[in-house]
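The values are calculated or read from the model by the stated rules, or taken from the named source; none is laboratory data. All values derive from a computational prediction rather than experimental measurement. Just the protein is used for accessible areas: all its heavy atoms, side chains included, with ligands, DNA and RNA removed. Shrake-Rupley method; radii C 1.70, N 1.55, O 1.52, S 1.80 Å.
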Amino acid sequence: MSTILKTEKLDVSEEQHIVAVRQAVRRLALEIKLSLVDQTKIVTAASELARNLLIYGGGGEVILRTLSAGIRHGLKVEFIDEGPGIEDLELALRDGFTSGGGMGLGLGGAKRLVNEFEIDSAPGRGTRIGITRWK
Amino acid sequence: MDRIPILTMGQFLLVTIQVDMHDRLAMALQDDLTTRITTSRAKGVLIDISSLEIVDSFIGRMLGNISSMARVLGAEAVVVGMQPAVAITLVELGLSLDGVHTALDVEKGMQLLRRYIGAEFEESLSDVDDPEN
C-alpha cells in the first residue's frame, strides 16, 4: 500500500486554470524526481484531462497527491466533475472517439501516458478520473 | 490580452513560443499568423517551439491548423526545436503531426523553407530532412 505524502487541490473553472494544473503537476513531478520524459508524460496527460474536465464536465476539481510506496514515489492526479458523465466508457476510451470538438485523443491518449488509470463515471453522476505515474 | 510576437525576416515570419500557452493564446497566435501571412505576403513561417515543455492535443492541433492555413495562403510553415521528451510524449499520446513540416533547429528549418520557396541558394541542402515526412 502507498502512503500520501502531500495533497493539493486546484479548482478548474476557466481556461487559464488548465495552465495552473500543468504547472502544479510539473512542480510535484519534480519534487518526487520523475525523469524528464515521465514529467512530460504526466503533465501532458493532466493537460488533456483538465481540458476535458472544463469542456465536458463543466469544470470541477483537481486533486494532486504525492505518494510513497516503500522506496518508490508516485504522483497521482484526480479530476472530479459533476457534469453529465460518460455514457459508454469503453467507447470513450477508444482512440479517435470524440463527442466534442476534440481530436479524440483525450482519454485513450492520456491513459497511455501514465502507469495507472482509473475512471468512474455514469450518466448524471459526473466523472472521476485518476492517473498515477510512478518513479 | 497578451499575444505571442511575430517577427518578419524578409519573406519569412518567425515565431518563438516562450510561454506556457493557454488555449486562447494558442488560438490568438493562429489568427494573428494567418492575418500576417496575408498582409506581409510571407512565403514561409518558422515556428520555434524549443521552449515548449509540452505539446498536448490542443497545441498539436493548432500547429496543424497553422500549417494548413499557411499552405492555403501560399506559404509553408515549419515547426522547429521540439524537445525529445515532448516528441516521445506526443507520439505516445497518438499525435503524429501529419502534414506539419518539422526540422531539428532554426537553421535547418530556414534551409527547408528556402528550399520550399525555391530561393536561389548556393549551399548544399543535402543534409536537410525529407520534407515529405
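Between B:Ala75, B:Ala87, B:Ala103, the residue with the greatest mean-square fluctuation in the GNM of chain B (Cα pairs under 10 Å linked by springs) is B:Ala87. Residues of the range B:14-61 whose accessible area, computed with a 1.4 Å probe over protein heavy atoms, drops by at least 30 Å² once all protein chains are present relative to their chain alone are B:Asp20, B:His22, B:Asp23, B:Arg24, B:Glu53, B:Ile54, B:Asp56, B:Ser57, B:Arg61.
Taking the DSSP bridge list for the protein assembly as shown and keeping only pairs wholly inside it, about 75 percent are antiparallel. Contact order, relative form, for chain A: 27 percent (alpha carbon pairs under 8 Å, 6 or more residues apart, mean separation divided by residue count).
The overall shape of chain B is oblate: from the C-alpha gyration tensor, with semi-axes ordered a ≥ b ≥ c, the ratio a/c is 1.5 or greater and a/b is no larger than b/c.
Which of A:Gly124, A:Gly70, A:Gly85 ends up with the largest GNM mean-square fluctuation for chain A, with Cα atoms connected below 10 Å? Result for chain A, Cα springs under 10 Å: A:Gly70 fluctuates most. Accessible surface buried at the A:B interface totals approximately 2100 Å², computed with a 1.4 Å probe on protein heavy atoms.
With springs connecting C-alpha atoms under 10 Å apart, model chain B as a Gaussian network and identify which of B:Ile59, B:Ile88, B:Ile17 has the largest mean-square fluctuation. Result: B:Ile88 has the largest fluctuation of those listed.
When the solvent-accessible area of chain B is split by element, carbon and sulfur atoms take up 51 percent of it, the probe being 1.4 Å.
With 30 Å² as the minimum drop in accessible area between chain alone and full protein complex (1.4 Å probe), the qualifying residues in the range A:38-52 are A:Thr40, A:Lys41, A:Thr44, A:Glu48, A:Arg51. Between 0 and 90 degrees, rounded to the nearest ten: what's the tilt of helix A:16-31 against the longest Cα principal axis of chain A? Long axis of A:16-31 versus the principal axis of chain A: about 30 degrees. When the other protein chains are added to the chain by itself, burial of at least 50 square angstrom of heavy-atom accessible area (probe 1.4 Å, ligands and nucleic acids ignored) affects these residues of the range B:63-100: B:Ala85, B:Thr89, B:Glu92, B:Leu93. Counting only protein heavy atoms and using a 1.4 Å probe, the accessible area of A:Lys9 comes to about 130 Å². Taking all protein chains into account, the per residue accessible area for chain A stands at 47 Å² (1.4 Å probe). Annotation: per residue accessible area for chain B equals 49 Å², rounded to a whole number [probe 1.4 Å, protein chains only]. Here the range A:1-116 has 53 percent of its accessible surface on carbon and sulfur atoms, given a 1.4 Å probe and all protein chains in place.
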